Every structure is written in structure tokens, then in C-alpha cells.
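Q: Mind looking over this structure? Questions follow.
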Amino acid sequence: IEPAQEHANAIVQLANKHGFPGFVLWAEIILGWCQGQREWQKSSSVETGIATILNASNQLGYKDPGYMAMLAELYLLANHLDEGLALLAELFDVVEAKNEHNYEPELFRLHGEFFWKRALLKTKDIKPSLPSADYQAIESCFLQSLEIAKSQGAKSLELRSALSLGRLYQAQGKAQEGKTQLQTIYNAFTEGFETNDLQMAQELLDSMV
């Protein structure tokens, strides 16, 4: 979060200095995401981050799938499931209309995460045995995300997809199946082990027994 905030602040300074207000708005989306992620346990922090992103997005007049996925993440943290799913539907439309598929794996991954959160809230249990229909819908999203990321050669997005799928399998008593897949993807990395995604991958692998 801190590096993202530093880069966003640098963009704001340079954009203001050279008169590029549009770049300020894109940077504000990143700053809103950082704000919401930093203390997401405090609902007010998440809501402030959401408001920041919405304000910048409205001024830009365009919902970029990559940037707006940050808003979807905050909706997920705040349990704004209807808003998040509606946003993802809009972003999938943008992907098709603009033929911008680069961030499509993350949209599918988040779609699965929203389905999972909805199932958890519905059952009011931390690690329930998900109903078959819910499980299949969630798994399908994660598998589709993984497949698209792999076809694009997008290793970072592939890792995120494998993380979500691995957590799902672990929660459903299929840890070994998730571990094998995640380990293969993790082993393909030769650098960046200080990043959050790779650290979370290592923690998940260590917990899979």
C-alpha cells in the first residue's frame, strides 16, 4: 500500500506542476484504494476511500476496468455486495465494448470473491460447507480467471487467481489440490518476493497440510 501511495502522490505533484489534471484524477483513484485498504477494519475508512474513487471516476467520465477493480475491492471489504456486483457487470460490458481484456482475469476473480462473500454472509458461518450451487459458481469464476490469466501470460494475475482458488479449496477440505496448483505458479517467480501477493502465497502454502 505504501509504495502505491508514494507513486500516486508523485503523479499528483508532477501532474499539477505540468498542468495535466486528468492524471490527478487517476492518481486519486489509487489514493482512494490505499485509504480504504489501510484500515479496512474501520468501516469509515473504507467508505471514505470509496467516496474518493467515485468522485474521481465521475469527473473522468470513464470506468477503466483496471482502476475500477480497486473500487470493487473496497466494495467487497465494506460488504457492499450489490454495488460491487453491479459495478463488475458494468466493467465486463466495458471489456467487451472496448476489447480491453488485459484486466479481465481480475474481474472474474473478484466476481468469485463476491459470490463467496455473499454465501458466507448467507450462512453466517466462518467456514461453512458451501452449497453445491454456490461452490460451483465461485470455483467457475476462479478457474476462468486462472485460465484467462495463463493464456495472457499475466503471471501476477495468475497468482492472484490461484490464491483465491487455493483458499476456496482449503476451506472446502481440498487443500492439496489447491496447493499443487499454487506451488507451480509460485515457483515460476524469481523475484518480487517482498510483494504482498507472493508473501500471501507463501503463507497459504505453509498453511496447507
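Q: To the nearest 20 debye, what is the magnitude of the charge dipole of the chain about its Cα centre, counting +1 on the Cβ of each Lys and Arg and -1 on the Cβ of each Asp and Glu? Present the calculation step by step, with values, prior to reporting the outcome.
A: Details: 17 positive and 27 negative charges, 67 e Å.
The dipole magnitude comes to about 320 debye.
Q: Round to a whole number: what % of the accessible area of the chain belongs to carbon and sulfur, probe 1.4 Å? Numbers along the way, then the final one.
A: Values: 5840 of 11100 Å².
Heavy-atom surface of the chain belonging to carbon and sulfur, 1.4 Å probe: 53 percent.
Q: In addition: In a GNM of the chain with a 10 Å cut-off on Cα contacts, which of 92, 142, 114 has the highest mean-square fluctuation?
A: Evaluated over the chain, the most mobile residue of the options is 92.
Q: Would you calculate, for the chain, the mean residue ellipticity at 222 nm contributed by helices, counting each DSSP H stretch of 4 or more residues as -39,500 (n - 2.57) and dividing by all residues, to the nearest 500?
A: Rounded to the nearest 500, it is -26500 deg cm²/dmol.
Q: What are the ³J(HN,Hα) values, in whole Hz, obtained from phi via the Karplus relation 6.51 cos²θ - 1.76 cosθ + 1.60 with θ = phi - 60°, for each residue of segment 169-186 in sequence order, with x given for Gly and Pro?
A: Once rounded to whole Hz, the list reads 5, 4, 5, 9, x, 10, 4, 5, 5, x, 5, 4, 5, 5, 4, 4, 5, 4.
Q: Under 10 Å from the Cβ of residue 57, count the other residues' Cβ atoms, weight Lys and Arg +1, Asp and Glu -1, and hand me the total. Display every interim value, and only then the final one.
A: Working: positive: 63; negative: 28, 64.
Summing Lys/Arg as +1 and Asp/Glu as -1 gives -1.
Q: Would you mind checking which residues have amide H under 5 Å from residue 103's amide H? H placed 1.01 Å from N; only 5 or more apart, or other chain.
A: none
Q: Continuing with the same structure: Among 94, 80, 108, which residue has its Cα furthest toward the positive end of the charge dipole of the chain, with +1 on Lys/Arg Cβ and -1 on Asp/Glu Cβ?
A: 80
Q: Which trypsin sites (Lys or Arg not before Pro) in segment 98-207 pass both tests, a DSSP loop state and at most 11 other beta-carbon atoms within 10 Å?
A: Numbers: sites: 98, 109, 117, 118, 122, 124, 150, 155, 160, 167, 174, 179; in loops: 124, 174.
Here the trypsin sites (Lys or Arg not before Pro) that fit, given the DSSP loop and packing criteria, are 124.
Q: What are the ³J(HN,Hα) values, in whole Hz, obtained from phi via the Karplus relation 6.51 cos²θ - 1.76 cosθ + 1.60 with θ = phi - 60°, for each residue of segment 91-98 in sequence order, with x given for Gly and Pro?
A: Each residue of segment 91-98 in turn: 5, 4, 5, 5, 4, 6, 5, 9 Hz.
Q: Explain nothing, just compute: Karplus ³J(HN,Hα) = 6.51 cos²θ - 1.76 cosθ + 1.60, θ = phi - 60°, for every residue of segment 201-209 in order, whole Hz, x for Gly and Pro.
A: For segment 201-209, the Karplus-derived couplings read 4, 5, 5, 5, 4, 5, 8, 7, 10 Hz, x marking Gly and Pro.
Q: Label-point separation (nm) for residue 63 and residue 121, each offset 7 Å from Cα along Cα-to-Cβ?
A: In this crude label model, residue 63 to residue 121 measures out at 1.8 nm.
Q: Once you have a ≥ b ≥ c as the square roots of the Cα gyration tensor eigenvalues for segment 1-111, tell me rounded if a/c is under 1.5, and otherwise prolate or oblate according to whether a/b is larger than b/c.
A: On the way: a/c = 1.92, a/b = 1.17, b/c = 1.64.
Oblate.
Q: List residues of segment 1-29, by number, whose backbone nitrogen lies under 18 Å from a label position 7 Å along Cα→C-beta of residue 196.
A: Those under the cut-off are 1-10, 27-29.
Q: In addition: Could you provide, to the nearest whole Å², the per residue accessible area of segment 74-179 with probe 1.4 Å?
A: On the way: 5170 Å² over 106 residues.
Result: 49 Å² of accessible area for each residue.
The values are calculated or read from the model by the stated rules, or taken from the named source; none is laboratory data. Being a predicted model, the structure only gives us computed values, none of them experimental. Counting neighbours? That spans all protein chains shown, and the Cβs are built from the backbone with ideal geometry, glycine included. Calculation scope for accessible area: heavy atoms of the full protein, side chains included, ligands and nucleic acids excluded. Shrake-Rupley method; radii C 1.70, N 1.55, O 1.52, S 1.80 Å.
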